[in-house]
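Novice: Structure below; questions to follow.
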Amino acid sequence: MTGSRFVVLSNPIEGEDDQFNKWYDSVHVPEVLDVPGVVAAQRYDLAELTIPDDEDLPAQLPPPTHRYMVIYELDREPQEVMAEFLNRVMTGKLSLGETLDLSTVSMTGWTPRGERRLAD
């Protein structure tokens with residue numbers, strides 16, 4: 001197993017959160033899990049954080065741009081999985097849904113750097 005990941009950040013079309021989440025959970029994630037090399041998926045909702053508006057902070061962080069994230073665990077190199085992922089999108093075997101705001105999707109592949117470390 002490579003320990004690589006795909007991280008996908010997304011938003012629904014405005015006002016379509018319920019339909020978006022239903023499609024994502026019941027259609028899209030199962031389709032992606034069928035792609036060779038994808039072994040697991042975990043979806044996340046944005047957790048709002050309150051960061052003080054303090055000029056003593058080293059920098060002011062920009063507001064988040066995405067409300068949803070999914071992390072796919074891979075047992076192959078990200079580029080190999082991405083090739084099959086794109087093939088399935090282009091042939092219609094992997095749907096992108098009507099409520100997905102395609103203009104905001106961010107998909108990146110990640111490979112481990114160093115050892116996984118645990119807190120004491």
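Novice: I'd like to check something: does the stretch 40-50 contain any residue that is among the hydroxyl-bearing types (S, T, Y), under 24 Å from S4 (Cβ atoms), free of Cβ contacts under 8 Å to residues at least 60 places away in the same chain and in a strand (DSSP E or B)?
Specialist: yes
Novice: Still on this structure, I have one more. From the residues in the stretch 1-38 that are part of a strand (DSSP E or B) and touching a Leu at 6+ places or on another chain (Cβ under 7 Å), which one is farthest from G97 (Cα to Cα)?
Specialist: For the stretch 1-38, the residue satisfying everything is R5.
Novice: Kindly list, by first and then second residue, each pair from a residue in the stretch 84-98 that is closer than 14 Å to G37 by Cα to a residue that is surrounded by 12 or more Cβ atoms within 10 Å (Cβ to Cβ) and among the aromatic types (F, W, Y), limited to pairs with Cβ atoms under 9 Å and residues at least 6 apart or on different chains.
Specialist: F85/F6
Novice: Something else about it: Being surrounded by fewer than 10 Cβ atoms within 10 Å (Cβ to Cβ), under 24 Å from D45 (Cβ atoms) and modelled with pLDDT of 95 or more is the filter here; which residues of the stretch 61-118 pass it?
Specialist: If the condition is that a residue be surrounded by fewer than 10 Cβ atoms within 10 Å (Cβ to Cβ), under 24 Å from D45 (Cβ atoms) and modelled with pLDDT of 95 or more, then S103 is the only one that fits.
Novice: Scanning the stretch 71-120 for residues that are within 13 Å of V7 (Cβ to Cβ) and of a type in the set (S, T, N, Q), which turns out farthest from the chain's Cα centre (by Cα)?
Specialist: Checking each candidate, the answer is T111.
Novice: R76 - would you say it is outside any helix (DSSP H, G or I) and touching a residue at least 60 places away in the same chain (Cβ under 8 Å)?
Specialist: So R76 passes the test.
Novice: Any chance the stretch 48-68 includes a residue that's under 24 Å from M90 (Cα atoms) and touching an Asp or Glu at 6+ places or on another chain (Cβ under 8 Å)?
Specialist: Taking every residue of the stretch 48-68 in turn, at least one turns out to be under 24 Å from M90 (Cα atoms) and touching an Asp or Glu at 6+ places or on another chain (Cβ under 8 Å).
Novice: Kindly check whether there is at least one residue in the stretch 52-67 that is of a type in the set (K, R), without any contact (Cβ under 8 Å) to a residue 24 or more places away in the chain and in a loop (DSSP other than H, G, I, E, B).
Specialist: Within the stretch 52-67 (the criterion being of a type in the set (K, R), without any contact (Cβ under 8 Å) to a residue 24 or more places away in the chain and in a loop (DSSP other than H, G, I, E, B)), the answer is no, since none of the residues qualifies.
Novice: Does the stretch 73-83 hold any residues that are out of contact with any Leu (no Cβ under 8 Å at 6 or more places or on another chain) and within 28 Å of D17 (Cβ to Cβ), and which are they?
Specialist: E73, L74, M82
Novice: Is there any pair linking a residue in the stretch 21-36 that is surrounded by 13 or more Cβ atoms within 10 Å (Cβ to Cβ) and modelled with pLDDT of 95 or more to one that is part of a helix (DSSP H, G or I) and not small (G, A, S), with Cβ under 8 Å and at least six apart or on different chains, and which?
Specialist: From residues that are surrounded by 13 or more Cβ atoms within 10 Å (Cβ to Cβ) and modelled with pLDDT of 95 or more, the pairs are E31/R88; V32/F85; V35/V81; V35/E84; V35/F85; V35/R88.
The values are calculated or read from the model by the stated rules, or taken from the named source; none is laboratory data. This structure is a prediction, so every number in the text was calculated from the model and none was measured. Every residue, glycine as well, gets a Cβ built from its backbone with ideal geometry; the counts of neighbours run over all protein chains shown.
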